Amino acid sequence: MKNKHMNFRKTIISIFSAGVLIFSISACEESQTNQNTPDVEGIYIVNEGVMGQISGSITLVDPESGETIQEYFKQQNEGRSAGSVVQDLSFSGEKAFLVANNSKTVEILDKENFEARDVISGLSYPRQFMAVGPNTGYLTNGSSGDNTNGEVFVIDLENHTVADTLEVGKGPESMVQVNNQVYVTNSGGYVSDSSVNIINTDRHQVTGKVEVGAIPTDITKDLNNNVWVFCKGLGGWQGGPTNSSLVKINTDNQQTTTFDLGGRISSYGNYLLASDANKDKIYFVGMDGVYEMDVSQEELPAEPIIQEIPYGLDVNPETGNIYCLKSEFQARGYAIRYNPDHTLIDSLQVGYSPNAVVFE
Amino acid sequence: MRSVTIPGRLPRLGRLIVLVVILSGSLPVKGQQFSQKVHQVPQVQVIANRNDYYNQDQKIMVLDTTTLAQYSTDNLGELLSKAGPIFIRSYGAQGSVSAPSFRGTPAQHTSVTWNGFPINSMTLGQCDLSLSPASFTDQVTITHSAPSSLYGSGTFGGAIAMENQPDWDQRQSLGITAKMGSWNNQRYGLQTRLGNAKFHYRLKGFYQKAQNNYEYRDYQQFGQPVRERKNNAVQNVGVMQNVYYQHSTRSRLEAGVWFQNRNKEVPDIMGASGQSHAQQKDSTLRAYASWKRTFDHSALQVKSGFFYHYQLYKEKESAGDQNYMIHSPLETQKWMNDLNYRYYLNQQITFDAGFQYSNIRADVKAYNRHIGEYRMSAIGAFQYETDQLTANVSLRQQFNSYTQPAPQYSIGVNYRPWDDQLFIRGHFSTKYRLPTLNDKYWQPGGNKDLKPEHGWSGEMAAGYTLEYGAPGAQSTIEVTAYQSNIHDMIEWIPKEGASFWHPVNTSKVRTTGLEVSMKHRFQLERLQMSLSSIYHYTRAMNLNKDQPQFYRNQLRYTPYHNLKNILRLSFKHYQMNTSLRYTGIRYAGLDNATSNMLDDYFVVDLGLSRNFKFTPMKGSLKFQVKNLLDRQYQVIANYPMPGQAFYIHLNIQFNQLFKQI
């Protein structure tokens, strides 16, 4: 089995190498044609690990066969775990950025072989990283447990240092970029918040704030450049409960449209919103399952497409396959895959508490 | 304890045991504690308390004064990790949280008592043994799988009893201790006694501080650098006073007060960048009074205690922050009362009837309310004893503010066919554990509908003592096999339909094990040697059918194999004390994944000391090396234990400072 995995790993690495080359050659053309269905060469499941332990991991999935390599980071880094509460993974150029919340680090990896090259430390509560330019990335940070605001760190991608600090709302979490603006959800962290900040990526300045529902945790955009925000609602311990909601922000005028989900969802996860390859549909977790909604719809759909309350939700931008991530908390979780027509493909065992899928 | 000396040639069995012992190269012991009761017209000094009186059918280990003296500057967690039959789940250097894991059970299944009063945290249900200095106790009695009918709630693993006792023969003394060692570890202690034939007063105090900034390799961090343990300092101060008044040979009054305050920095888990800014403060005040009175054929004991605990956990996101990210205070107080009447029907038969009443109050931020509860128990016990046989039966019914546990009982025998040389013991008892205050009131999630955990345990044991004829030469061996079942074990799980966790009665655990202990003592003119060994095999199995993926898995942090040895050599004024401990692999996760498995470890401590005497003063000077081989190991995953450390101890004692009072 080990040899089989080794072979697969080599295959994947080879594919990456080839992919990087192809991407380099075709990058210019791709940007001009606004390709909506990129080739996915590797599928990475981000597994947070068990709270209080260092058991975060990355599961690498073969897009074709569904074969998995567990603990991919550990294999490539001399047996070292990916971190305590691995929150996020993203790519920029030849680098991968791995955010470990409880370890308070962002590790910079070689995208080709996943070997760690550098680390950004001195953080207090890092959540998500996103490259906003060839040499610049944004990192959300801060639990706001002391009731103060969190921040977005502007990261120099050459030196891997914090170049600037932008104050945003409490418990900044997810980000999405629309042209030269980044929308940041302020999820409240240890307390509560109900806003989205807007940052200008040219000047690296906070330029606005939009009120949405309580505890906004996830964000995406559609083909019209509208931004969609998933708001979990207040829990009982936060003075709630209040209903979860989906909020659409028109990025031209920052006007919002709120879709009330009819109750507070029961998922423990934060990343419960996704869009498809064409960005004409969004997927979100509602009260009784996963819903699919056309972005032009003005009312919520009546029935869920999948009767599962996942810990994380994502959609493969190439195939449209839906990934429901199921956490078993103390045991390894599952990535349950569905076809775009909502029929079940398979269920892959992954790491502890999978929260997101990264398609690269 | 009676013993039989075997002159001349050793019997065949004896030779076999000696051979086994020599081949084993190490050994332990325990001491089977036989009854010391007096059946008729008892003097009040020798009236054993209820738990001790009915323990001959249970497995008991009493830490002797030599062992306690050896570890007098350590805490109970450190002492038991080396010399006790309990696996201690330690989070780091001395002063770090030390949770007992007895016979494979979690810490809340070990009851810790001080002069008969349980001192486990009411909010968490467990006792942090690092908060109990070894010097504050005169005797430590460890009861394996102690019966709930005698000990009450939470004894599936066992019970640790700390007792203070007067020494009527030593009426005046003043003792001073000083210890200094690695990582700015300093400890200063004071002990004094005053008294006469009727009155005895003892004062003990200590102050300890340590930086605990030892180096370790951070295997979880980029580059796996050698780092210094940061935010790991501890400061601890405690005072205890005991007063005993012997009104007559039939009446005695005693009282005690114990105050302690600890400020502890809480370090980060391995792999974390920067450093933690978390701190925890624990302040406790414990006080009790007890009165014993004997009559012609009976004895009465009444005691009452007050126990107060204040804890504050606070954490900043960064050092410069004005506000705390977490600021979580809690305050609990408990008033406990215990009345026991014992009747000696004749030389063989004794009855006890007891009653306990406790009142609990708690003020915890996360509960969002003030808590008030009561607990009440009626206890009965019976003993039949002859020269060769002791049989015990005990019963308890508890009543409380919520769900009552079922009636509890225990039954057991200790048979000594060859006087005290050989014993065979059997014991069966039921157990329960009440939900903690956190289980019931924590918001969100607290569940007031929880039932008490319940179950049983049974064990069989045999022991043999061999006297070699020469003075001080003796070997003992004891073998115990046991099984313990816990039903309706409380576990926090994700609550369906809500995004928070809550406790439910879901788990079932079965623990089986084999315990072997041996002890050898030899003396050759002025050379004395003793060698004690304890070996435990523990299989603690998760039998929760709601968790099929974990079914039959070993419980977290429970080693299958654990071996402890203590070797003592004494020659003239010199002593050498060596502790060797082996702990097998453990799993950090419920799923027993090998990726979360902790390596086994072997740790050696070495101490060399010299006694001196300059009338009226006597004392000792000791050099100690802990973790002599400088092993890097972890007891709890990703909490590095300290490497090689050096200490120097000075102990001075003055006797007869004053004219006889």
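Scanning region A:253-280 for residues that are among the hydroxyl-bearing types (Ser, Thr, Tyr) and touching a Phe, Trp or Tyr at 6+ places or on another chain (Cβ under 9 Å), we see that the one that is surrounded by the most Cβ atoms within 10 Å (Cβ to Cβ) is A:Tyr271.
A single entry from B:Arg286, B:Arg293, B:Arg342, B:Arg262 fulfils the requirement of being away from chain A (no Cβ under 14 Å), over 30 Å from B:Phe222 (Cα atoms), touching a residue at least 60 places away in the same chain (Cβ under 8 Å) and surrounded by fewer than 20 Cβ atoms within 10 Å (Cβ to Cβ): B:Arg293. Residues that are of a type in the set (Gly, Ala, Ser), crowded, with 24+ Cβ neighbours inside 10 Å and away from chain B (no Cβ under 11 Å) within region A:80-122 comprise just one, A:Ala96. Put simply, of B:Thr578, B:Thr594 the only residue that is without any contact (Cβ under 8 Å) to a residue 24 or more places away in the chain and hydroxyl-bearing (Ser, Thr, Tyr) is B:Thr594.
The residues of region B:589-607 that are at pLDDT 90 or above and either among the basic types (Lys, Arg) or within 26 Å of the chain's Cα centre (by Cα) (or both), listed by number, are B:Leu598, B:Asp599, B:Asp600, B:Tyr601, B:Phe602, B:Val603, B:Val604, B:Asp605, B:Leu606, B:Gly607. For region B:296-310, how many residues meet the condition of being farther than 22 Å from B:Gln356 by Cα and without any contact (Cβ under 8 Å) to a residue 40 or more places away in the chain? The total comes to 1.
The set of residues in region A:124-156 that are farther than 16 Å from A:Thr185 by Cα, touching a residue at least 24 places away in the same chain (Cβ under 8 Å) and within 14 Å of chain B (Cβ to nearest Cβ) comprises A:Gly145, A:Asn147. Contact map, region A:253-270: residues that are within 13 Å of chain B (Cβ to nearest Cβ) paired with residues that are part of a strand (DSSP E or B) and among the hydroxyl-bearing types (Ser, Thr, Tyr), Cβ distance under 6 Å, separation 6+ or inter-chain. Pairs shown: A:Asn270/A:Thr217. For A:Tyr190, the test of being outside any strand (DSSP E or B) and of a type in the set (Phe, Trp, Tyr) is passed. With respect to A:Asn224, is the statement that it is within 14 Å of chain B (Cβ to nearest Cβ), on the phi < 0 side of the Ramachandran plot and surrounded by fewer than 20 Cβ atoms within 10 Å (Cβ to Cβ) true? When the stated conditions are applied, A:Asn224 does not pass them.
From the list B:Tyr324, B:Tyr308, B:Tyr313, B:Tyr374, the lone residue that is surrounded by fewer than 20 Cβ atoms within 10 Å (Cβ to Cβ) and more than 30 Å from A:Tyr190 (Cβ to Cβ) is B:Tyr374.
Selection over region A:57-73 of residues that are without any contact (Cβ under 8 Å) to a residue 60 or more places away in the chain, buried (at least 19 other Cβ atoms within 10 Å of the Cβ) and not in a strand (DSSP E or B) gives a count of 1.
The set of residues in region B:431-446 being within 14 Å of another protein chain (Cβ to nearest Cβ) and in contact with a helix residue (DSSP H, G or I) (Cβ under 7 Å, 6 or more places away or on another chain) consists of B:Tyr441, B:Trp442, B:Gln443, B:Pro444, B:Gly446. Of all positions in region B:584-594, none carries a residue that is away from chain A (no Cβ under 14 Å), closer than 21 Å to B:Phe87 by Cα, touching a helix residue (DSSP H, G or I) at 6+ places or on another chain (Cβ under 6 Å) and not charged (D, E, K, R). Among the residues of region A:307-316, just one is surrounded by fewer than 20 Cβ atoms within 10 Å (Cβ to Cβ) and either closer than 22 Å to A:Ser174 by Cβ or of a type in the set (Val, Ile, Thr) (or both), namely A:Glu308. Here A:Asp346 meets each of (1) acidic (Asp, Glu); (2) over 19 Å from the mean Cα position of the chain (by Cα); (3) at pLDDT 95 or above with one exception, condition (3). So, B:Asp363, is that one surrounded by fewer than 19 Cβ atoms within 10 Å (Cβ to Cβ), within 23 Å of B:Thr480 (Cβ to Cβ) and of a type in the set (D, E, K, R) or not? No; evaluated as a whole, the condition is false for this residue. Here A:Glu318 does not fit the description of being within 20 Å of the chain's Cα centre (by Cα) and under 26 Å from B:Asn592 (Cα atoms).
The values are calculated or read from the model by the stated rules, or taken from the named source; none is laboratory data. Bear in mind that the values here come from a model prediction, so they are computed numbers and not experimental data. Positions of Cβ are backbone-derived with ideal geometry, glycine not excepted, and every protein chain shown enters the neighbour counts.
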